[in-house]
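So the structure is just underneath, and the comments pick up after that.
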Amino acid sequence: MSEQQDRVSAAMNGEHANGGKRTRVPAIRDGAVKQEQQAQEQGQGEESQGGEGEEAVVAVQSMEEPQINLRMSVSRLHCQCCLVPLKAPTIKCEAGHVLCSGCRGSHGQVCARAAKYTPCVEVDHVVRDVPCAYEEYGCTSWVVYYEASDHHRSCPFGPCFCPDPSCDFTSSPLMLAGHLASHHAWPVTKFVYETPCKLEVPGPQDKLVLVGEADGSVFLVSQCALGAAMAVSLVRVSACGDAAAGPPQFRCKLWVEVEENLALVASMVATSDLSCVVSPTEQSMFLVVPPELLRAELGEAPALMIRVDKVDDARSPSAAPPSRFPNRMLCSFKCGAVHQ
C-alpha cells in the first residue's frame, strides 16, 4: 500500500513513464519562485513582441502605397476652355473652372471671375499618368492623359474580334491567337521574319494563324474558291486600322510551286481587326492558285510558301518588288509564262 502511494506521489511530482524526472518546484508559500517564473516569461514575451514589432515596421515601410481605381465623367478631365483633355500644369479660376495653363488668356474673355487663378496640383497628379484603356488585354503602359487617344490608336493590345461568326470573343491579337488554337482548333504557326515558312495549302474552309517570333505580331491566312482556282490572302491582325497605323509595316510574298510550275504574289500587308469577314478577293492583292497546281497528279502535294518582312528591316532586294512596283503577281508554267 505504501509502495502504491509512493508511485502516485512520484507521478504527481512529475516522474515520466521512461523513468526521467522533471525538476521539482519547491513549495514556497509566498510564491516567490512562481512570481520569478512569471516575470521571466513576461520578459521573454516582451522581447518576442519587440522583435515582431520591428519586423512589422520594416514590412509596412517596404509596402507600396495602396492604390484604387476610380470612375468619373470624362468631361471632368477636359479643359473647360478649349474642351480637350487637360494638359498639365492645370489651373482653376475663382469660379471653379479647371483649365490648361495655356488657356488662361482665352478663359478670361468669357469668365467674369477669371482674375485670379490657383494651381490644381491634385488634378495634375491624375492627368500626368493614366493607365491604358486596354490594360485588361495586357497593356501595362501609363501615358499622359491628353496623349491617351493617340496611344490607343497605335496600342498593340487593342482588342480584335474572333473571325468565327458564332463567337463573340474579343481580346488582344496575341490572346486571340491562343483563343483560336484552343477553342476553334485553328493551326497556329510561329515563323521567323525574312525566312520562308512552308505550310500546307489550306482547304476551302480552313484558316491558318501565323505569329512572328520576334515581336508576337499575328497574321491570318484566309482563302476562298475562285472558280476552279483558289484565292489566298494574308492580313495582319491588329486593332490599329490602316489609316491609324500609317504606312504598312510589313510586306509579304505568297507562292505555290510544284515542280517547275509557280504562282506568286508580292504585296504590302493590310491590317484588320477582324470585325468583318476577311475575304481574299476583297483585298487589294491576293494569290491566285490555278487548278493545275491544286491537282494531285502533278506528283507531289502542293505547299503554300509565305515570307513576311518588316518594312524597315527588309534590306534584301529579293525581299520585295521594286518600289515602283509595290504589288505584283506572277504565274508561270512549264508550257509558258503569263505575267500580270
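The values are calculated or read from the model by the stated rules, or taken from the named source; none is laboratory data. All values derive from a computational prediction rather than experimental measurement. Don't worry about glycine lacking a Cβ; one is built from the backbone with ideal geometry, like all the others, and counts go over all protein chains shown.
Quick grid of which residues meet (1) crowded, with 19+ Cβ neighbours inside 10 Å; (2) closer than 30 Å to Gly216 by Cα; (3) more than 28 Å from the chain's Cα centre (by Cα):
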{"position": "Gln67", "(1), (2), (3)": "no, no, no"}
{"position": "Asp129", "(1), (2), (3)": "no, yes, no"}
{"position": "Cys132", "(1), (2), (3)": "yes, yes, no"}
{"position": "Val143", "(1), (2), (3)": "yes, yes, no"}
{"position": "Ser149", "(1), (2), (3)": "no, yes, no"}
{"position": "Ser154", "(1), (2), (3)": "no, yes, no"}
{"position": "Phe157", "(1), (2), (3)": "yes, yes, no"}
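Answer yes or no as to whether Glu136 is in a loop (DSSP other than H, G, I, E, B) and over 23 Å from Ser279 (Cα atoms).
no
Identify the single condition in (1) modelled with pLDDT under 90; (2) surrounded by 13 or more Cβ atoms within 10 Å (Cβ to Cβ) that Lys116 does not satisfy, given that it satisfies every other one.
Against the list (1) modelled with pLDDT under 90; (2) surrounded by 13 or more Cβ atoms within 10 Å (Cβ to Cβ), Lys116 comes up short only on (2).
So which residues in the range 141-167 are in contact with a strand residue (DSSP E or B) (Cβ under 8 Å, 6 or more places away or on another chain) and assigned to a loop (DSSP other than H, G, I, E, B), if there are any at all?
Passing the criteria: Ser141, Val144, Pro159, Cys162, Pro163.
Name the residue that is surrounded by the fewest Cβ atoms within 10 Å (Cβ to Cβ), counting only residues in the range 170-193 that are more than 24 Å from Ser154 (Cα to Cα) and out of contact with any Gly (no Cβ under 9 Å at 6 or more places or on another chain).
Ala185
Quickly run through the range 200-213 and pick out the residues that are at pLDDT 90 or above and out of contact with any Cys (no Cβ under 8 Å at 6 or more places or on another chain).
Leu208, Val209, Val211, Gly212, Glu213 - these are the residues of the range 200-213 that are at pLDDT 90 or above and out of contact with any Cys (no Cβ under 8 Å at 6 or more places or on another chain).
Output the residues belonging to the range 90-132 that are closer than 30 Å to Phe157 by Cβ, in a loop (DSSP other than H, G, I, E, B) and in contact with a Ser or Thr (Cβ under 7 Å, 6 or more places away or on another chain).
Cys132
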